[in-house]
Amino acid sequence: MSDTSVKNNGLMDNNEIDLFEFCEALWRSKLLILVITLITLSIGLLYNFTRATPTPVYKISTQAHQINDITTSIILSKLWVNSSEKNLTYFATQGMARYGLGYNPYSPNALFIRALEKINSFEERTQYLKEKKMGLDFKINFPNKISGTFEISISTTSQAEIENLKFQMIEYVQWSLTRFNQGLLAEAKLLNSNLEENTISAPLYISQVSSSNIVVKKKSKTKMMIILSVLLGLIIGSIIVLIRNTIKARYS
């Protein structure tokens, strides 16, 4: 047998002996490992049951509804059908395609969606910030069907801000609708410069703004905490036993 084979066999035997001795040392120190595991488990459970409760979140919301009056739609639709300008991209709206509303940008549904798209647009929020020196981080829920609920909402963690946010939400929606109505009038003048109408309004109104407390539940992580704490205790205990045995072996 070559010297190399003898050396390799010797190394394997030493490794097997070291592993056996290590397992034996762990068994002899099982009480120490158990104590360390119980300590880490106690710390983990203590943290799990005393961790901070999530901050409550308050939701301020309203709903957008269509007005049954279709006078504006009839006036503008007639102008649009009889105008040579009706193919201009000026009248395009992304919301119409989303709900399959056809090509008439002045149908009641189209006007409703166009108004909401304008309220929700980044450009509109930016302009409001410039004029009013304040911004609103709200969102509009666009349902899958136009018959669904169009909710305008904003959230805050400060209960003291609720009433102020209610006022700001109403003010912003009314401000944006006024601008939208002015835009409709400009479109009408573009379709027919001889139009005598001076005021045009979108078929949209919002319900009373309300507030509610969003219940944020503290997720239970007890099982995970127990598993991690036990594993951590076993690992720490094993490392301590290994270090202690290494020190003993060096000085023996």
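The values are calculated or read from the model by the stated rules, or taken from the named source; none is laboratory data. Given the structure is predicted, the values throughout are model-derived calculations rather than measurements. Because the Cβ atoms are built from the backbone with ideal geometry, glycine has one as well, and the counts that use them run over all protein chains shown.
Of all the listed residues (162, 152, 146), the sole one being closer than 13 Å to residue 210 by Cα and at pLDDT below 90 is 162.
Based on this model, can you work out whether residue 136 counts as in a helix (DSSP H, G or I) and hydrophobic (A, V, I, L, M, F, W, C)? Answer is no for this residue.
Among the residues of the range 138-160, those that are out of contact with any helix residue (DSSP H, G or I) (no Cβ under 9 Å at 6 or more places or on another chain) and without any contact (Cβ under 8 Å) to a residue 24 or more places away in the chain comprise 141, 143, 144, 147, 148, 160.
Yes/no matrix, rows are residues, columns are (1) in contact with a strand residue (DSSP E or B) (Cβ under 7 Å, 6 or more places away or on another chain); (2) hydrophobic (A, V, I, L, M, F, W, C); (3) surrounded by 14 or more Cβ atoms within 10 Å (Cβ to Cβ):
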site: 102; (1), (2), (3): no, no, no
site: 106; (1), (2), (3): no, no, yes
site: 111; (1), (2), (3): no, yes, yes
site: 114; (1), (2), (3): no, no, yes
site: 126; (1), (2), (3): no, no, no
site: 131; (1), (2), (3): no, no, no
site: 144; (1), (2), (3): no, no, no
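Put simply, of 225, 169 the only residue that is more than 30 Å from residue 50 (Cα to Cα) and touching a residue at least 40 places away in the same chain (Cβ under 8 Å) is 169.
Residue count for the range 184-202 under the criterion of being in contact (Cβ under 8 Å) with a residue 12 or more places away in the chain and either acidic (Asp, Glu) or surrounded by fewer than 20 Cβ atoms within 10 Å (Cβ to Cβ) (or both): the result is 9.
Here residue 84 meets the list (1) under 24 Å from residue 197 (Cβ atoms); (2) not in a loop (DSSP other than H, G, I, E, B) almost entirely, failing just condition (2). In the range 207-221 there is no residue that is modelled with pLDDT of 85 or more and either assigned by TED's automatic domain parsing to the domain that holds residue 126 or assigned to a helix (DSSP H, G or I) (or both).
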